[in-house]
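Participant: Below are the structure tokens for one structure; questions will follow.
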Amino acid sequence: MKFTMCGYSQQAALEFGLDTTDLYILRWIEDFMDSGRMRAMTLDGERYYWVSYQGIVDDMPLLYIKKDAVYKRLRHICDLGILKKKTVCCGGKYSYYTLGDKFGELYRFETVSSNNFNDIDSNQDMKYI
């Protein structure tokens with residue numbers, strides 16, 4: 001099995017019940033957060049970032065997803081503890097997100113022991129080119 005998809009542990013995603021669309025949305029959020037171009041606020045002592053549901057739809061048309069579906073997916077991801085959300089009402093209603101306590105679990109990777117390399121005879125001399 002390939003270890004990662006979108007940079008996240010495929011095994012952890014399966015355990016959380018996430019699919020590839022969820023992972024692409026998380027990758028979009030994390031990459032945009034790291035870009036320094038995302039509108040941010042400190043709320044309750046934590047840095048939260050404004051996420052435009054329409055922005056996700058517009059930036060990733062291959063997902064064939066609508067704005068309300070993005071909202072539902074993000075609500076589910078928050079319910080899992082991967083993200084946290086705060087709604088700010090100031091001249092409109094804005095959804096701000098930050099990484100949740102369980103976000104780091106998406107970077108949990110199992111290592112492959114040398115016993116799993118069935119193609120290699122451990123008694124055989126290996127040559128490196």
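Readers should treat all values here as calculations from the given coordinates under stated rules, not as data from a laboratory. Quantities reported herein were computed from a predicted structural model and do not represent experimental measurements. Because the Cβ atoms are built from the backbone with ideal geometry, glycine has one as well, and the counts that use them run over all protein chains shown.
Participant: State which entries of LYS72/LYS93; LYS72/LYS102; LYS2/LYS67; LYS2/LYS85; LYS2/LYS102; LYS67/LYS93 exceed 24 angstrom in Cα-Cα distance in the structure shown.
Facilitator: LYS2/LYS67; LYS2/LYS85
Participant: Need the full-extension length gain, ARG39 to THR4, defined as separation in residues times 0.36 nm minus the C-alpha distance. One decimal, nm.
Facilitator: Working: separation 35, 0.36 × 35 = 12.60 nm, distance 2.87 nm.
The ARG39-THR4 span can extend by a further 9.7 nm.
Participant: Further question on the same structure: Take peptides 42-48, 8-14 and line them up by average Cβ neighbours within 10 Å, highest first, as a rough protection proxy.
Facilitator: Details: 42-48: 11.9, 8-14: 18.1.
In descending order of packing, they fall as 8-14, 42-48.
Participant: Which order do the peptides 56-64, 22-30 take when ranked by the mean count of other beta-carbon atoms within 10 Å per residue, highest first?
Facilitator: 22-30, 56-64
Participant: In nm, give the distance between the simple-model label positions of GLU46 and ASP59, each being 7 Å from the Cα along the Cα-to-Cβ direction.
Facilitator: Taking the two extended label points, one gets 2.0 nm.
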